[in-house]
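*Asks:* Have a look at this one.
The values are calculated or read from the model by the stated rules, or taken from the named source; none is laboratory data. Predicted model only: the values in this text are computed from it and were never measured. Here the Cβ positions follow ideal geometry from the backbone for every residue, glycine too, while neighbour counts run over all protein chains shown.
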Amino acid sequence: MTDNHQGHLPGRQRKRFPGISSRAYEHPADRSALVALRKLSGFDTVFKALSGLLPERSLRLLFLSDSVRVSDAQFSHLNDMLRDACYILDLEKVPPMYVTQDPKPNAMCIGLDEPIIVVTTGLVELLDEEEMRAVVGHEVGHALSGHSVYRTILLFLTSLALKVAWIPLGNVAIMAIVTALREWFRKSELSADRAGLLVGQDLQASMRGLMKIAGGNHLHEMNVDAFLAQADEYEKGGDLRDSVLKILNVLPRTHPFTTVRAAELKKWSETRDYQRLMDGHYPRRSEDKDTSVTDTFRESGRHYADHVRSSKDPLMKLVSDIAGGAGDLAGDLGGKLFGRFGGASGGQGGAGGQGGAKGSQGPEGSQGSQGSQGPRGADGAEPGQNEG
């Protein structure tokens, strides 16, 4: 433990996660994108070169000159929270934090070389201590994951898109990149919400904070269960027109909708992965270099496939039904095709008949599978039923 953390331990007993890798709490889509970027040869060199174009030094000077830097002398309670969060997530270097005058509740973690955290007065005045602790943990999670780099690039490109809007097709190209970055960043927000829960270790405080961001400082007028019910209604309500409108509504945003964030965080808190993490079983930073890009993308793919299958959204249900129908059709066609070949090679005629009872005589291979059972995959699954 460095001097940065000495004498600033959490105000109540909270679990600490020594050497924790950000992979432990990152959303699958967020994690796969980051692992792929980190594995790219020359990635660091490219972004170091790009840093010369980004106004990072200007931003640092701006906050230093026109905001209040959190320290033992200024906003000391936030400084204690920041040190606590870094201690719990084992982030050795405490990033500087600033409070800036803005009535809109907001917080961000930006910077290429070193992350800096900025919170608005609107947020500080809105949240109580435990709710604010989850937000500080959220931003420290961004720093640990390296999100500040991509957030800074997103801010820069968004600004650039406005400047080149008059150039034919120039804005289109930049906005395509911005749209992709925003999609990734929305997933990174779900990751950071998880980090906030690991720091605060109070699910209700995290829920309350999100609810206040949505509805203001009227906690006595709001209810967490009713708030979560809104997320369920949002996901499954309406028809295909509403599904399209949801996509259009979220495209310009860098953050998911607050009800969705609350529902996603609660769902994660109930998983076995979260329980194992709280029990001390989690990936370490020392293992990050051995992370498989292929395995990470496969996990991300499984997550999206599960999301489509379990989603109550009309469009997602349609996609799932079409995919299932296509799988059944492929299975039927495959059965007929293999049945014909089996009949021809076995000399017994019709599809799925007795020809090819011996594995060496039919297309089923050398395992002696019965032709009457139809073709099977390596794991014995019927065509169209393999995990997709």
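*Asks:* Regarding residue 266, is this residue modelled with pLDDT of 95 or more and in the same structural domain as residue 185 (by TED's automatic domain parsing)?
*Replies:* Criteria met by residue 266.
*Asks:* Give all pairs with beta carbons closer than 7 Å in which a residue from region 270-283 that is surrounded by 11 or more Cβ atoms within 10 Å (Cβ to Cβ) meets a residue that is among the aliphatic types (A, V, I, L, M); count only pairs at least 6 apart in sequence or on separate chains.
*Replies:* 277/24; 282/20; 282/24; 283/24
Yes/no per residue for (1) in the same structural domain as residue 26 (by TED's automatic domain parsing); (2) more than 19 Å from residue 210 (Cα to Cα); (3) touching a Cys at 6+ places or on another chain (Cβ under 9 Å):
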{"position": "95", "(1), (2), (3)": "yes, yes, yes"}
{"position": "104", "(1), (2), (3)": "yes, no, no"}
{"position": "110", "(1), (2), (3)": "yes, yes, no"}
{"position": "119", "(1), (2), (3)": "yes, no, no"}
{"position": "123", "(1), (2), (3)": "yes, no, no"}
{"position": "131", "(1), (2), (3)": "yes, no, no"}
{"position": "135", "(1), (2), (3)": "yes, no, no"}
{"position": "138", "(1), (2), (3)": "yes, no, yes"}
{"position": "141", "(1), (2), (3)": "yes, no, yes"}
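*Asks:* Here is a check on your reading of the model: is residue 190 closer than 22 Å to residue 81 by Cβ, surrounded by fewer than 24 Cβ atoms within 10 Å (Cβ to Cβ), hydrophobic (A, V, I, L, M, F, W, C) and modelled with pLDDT of 95 or more?
*Replies:* no
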